[in-house]
Amino acid sequence: MSLPQCVRDLLGDAVLRRVLAAVDAEGADTRVVGGAVRNALLGVPVKDIDCATTAHPRDVMRLARAAGLKAVPTGIEHGTVTVVADGRPFEITTLRRDVETDGRHAEVAFGTDFGEDAQRRDFTINALYLDKSGRIHDFTGGLADIEARRVRFIGDATTRIREDFLRILRFFRFSAEYGAAVLDADGFAACIRERAGLFRLSRERVRAELLRILVARRAAAVVTALSDAGLLSMMTGGVAELGRFARVCGQSEDATLRLLALSVSVAEDADRLRERLRLSNDEHERLSKAAALIAHLHGRPEALDTRTLRRLVVLHGVAAVADALAIVDGEPRPRVEEAARALLASFAKGEEAVPRFPLTGKHVAAAGVPPGPRMGQVLERAKALWLAADCPADKPQLAALLRLAVGEVSGEGGGCADGAPVEILR
């Protein structure tokens, strides 16, 4: 395999070369490993650069500082030192082998054998080492799997999973991000067999991995596989709306919106996800607001016109209405009129201001209503009339609405079936 430009660019990184030179100053062998090599070979942007070294962690600290670099013992008990150069962090981890694992954490012993280090990693595509000369060292068949876009466990899949049950979710995430059309059969079967291990993971870690799966390149296909295997319901505790999810995947890369499409139809779903996935307060509030609207709109026989859209935006906010419509739009009902779509887009872009109910307690008092419960009742009825009249700003019309509200609350007024006289609404 010829080195793509991204790999050449990686090796040409002056800051990286400075770090490698510092750690190798006394004869150690330090190589770029894992995601940086994988992404460079796939032509995917490289974000973080991790390295593996034969140097002991204490020596990495000493050598980095001697070269004027900052060294932080971020995980030194497991061999990891973060070296900071020009404000950029590089994780440098001493070669190691697992002595004992418990399904989530490992006790390790340091070594100098890159092949042995490779065998303890998760997937073949993550066990490629790039040295300073540009040579890629492949101990597990990762280069062939890069070519085939195949995500495959190193060695026995069950053994790899039992070392760290988070690898179940990582298998699906990497398959969604980098894999081709078909999941590796051995890995998929092992994930299903070891599925009980998911309950040993923190809910925060499950949430983080699931959200990354939801926004990956092949999210729709991989989430369907998760659902078919019964693994998705173990994480979310509910039934997946795969059709909605696939449709929203074609519209937005927003992870929370995709979670909404996949798992939320009513407010109780949002509450359940908050517990199962330890959602933040903001995430839960967003799902809850949209859920109320989804339940209200689903199956609505009337078309959603501009009047209804404006009323929904006033009552629920632009964001919640946009979320709910992203979920139900495209289903047989409700049908959304093009003018309503355009109005929502105008609100979202700030091109048109969202109407604000203009009447206050001062106006009600000026209409002769004394302070007390009746004032609130008048305001509530006036707002309902204002919404029904399509949020007018005309002062004479507002005055008429207020008079009608006062009369109705006082038991003195009549009106049409929806509570407002025809001459005001037209």
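Each value in this text was obtained by applying a stated rule to the coordinates, not by laboratory testing. Just so it is clear, the model here is predicted, and its values are computed rather than measured. Positions of Cβ are backbone-derived with ideal geometry, glycine not excepted, and every protein chain shown enters the neighbour counts.
Which net charge results for the neighbourhood of Ala14, defined as the other residues with beta-carbon distances under 15 angstrom from its beta-carbon, given Lys and Arg at +1 and Asp and Glu at -1?
On the way: positive: Arg8, Arg17, Arg18, Arg88, Lys132; negative: Asp9, Asp13, Asp86.
After counting each charged neighbour, the total is +2.
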DSSP beta bridges in the chain, what fraction antiparallel, as a percent rounded to 5?
75 percent
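Sorted by mean Cβ packing within 10 Å, highest first, what order do the peptides 367-374, 270-277 take? Before the final figure, lay out each step's value.
Numbers: 367-374: 11.8, 270-277: 18.8.
Answer by packing, highest mean first, reads 270-277, 367-374.
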Given a 10 angstrom Cα cut-off, can you work out which residue in Leu210, Leu379, Leu260 is the most mobile in a GNM of the chain?
Leu379
Cα centroids of the stretch 43-92 and the stretch 136-205: how far apart, whole angstrom?
26 Å
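Could you work out the relative contact order of the stretch 5-148? I mean the mean sequence separation of Cα pairs under 8 Å and 6+ apart, divided by the number of residues, in percent.
Working: 260 pairs, mean separation 31.2, N = 144.
Reported relative contact order: 22 percent.
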To the nearest 500 deg cm²/dmol, what mean residue ellipticity at 222 nm is calculated for the chain from DSSP H runs of n ≥ 4 alone, each contributing -39,500 (n - 2.57), summed and divided by the residues?
-15500 deg cm²/dmol
For Lys70, the aspartates and glutamates lying under 13 Å Cα to Cα, once residues fewer than eight places off in the same chain are dropped, come out as Asp86, Glu91
Option label - semi-axes √(5λ) of the Cα gyration tensor in Å computed here, alternatives (i) 32, 28, 20; (ii) 42, 24, 20; (iii) 59, 24, 20:
(iii)
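Could you grab the relative contact order for the stretch 208-261? Cα pairs under 8 Å, six or more apart, rounded to a whole percent.
On the way: 40 pairs, mean separation 21.9, N = 54.
Normalised by residue count, the contact order of the stretch 208-261 is 41 percent.
What is the chain's relative contact order, in percent, from Cα pairs under 8 angstrom and six or more apart in sequence? Each step should come with its number before you reach the end.
Numbers: 627 pairs, mean separation 31.7, N = 426.
Dividing the mean separation by the residue count of the chain yields 7 percent.
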C-alpha center-to-center spacing [the stretch 210-272, the stretch 335-351] in angstrom
26 Å
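What's the local net charge at Cys391, with K and R +1, D and E -1, over the other residues with C-beta under 12 Å away?
Details: positive: Arg307, Arg310, Arg311, Arg356, Lys383; negative: Glu352, Asp390, Asp394.
Summing Lys and Arg as +1 and Asp and Glu as -1 gives +2.
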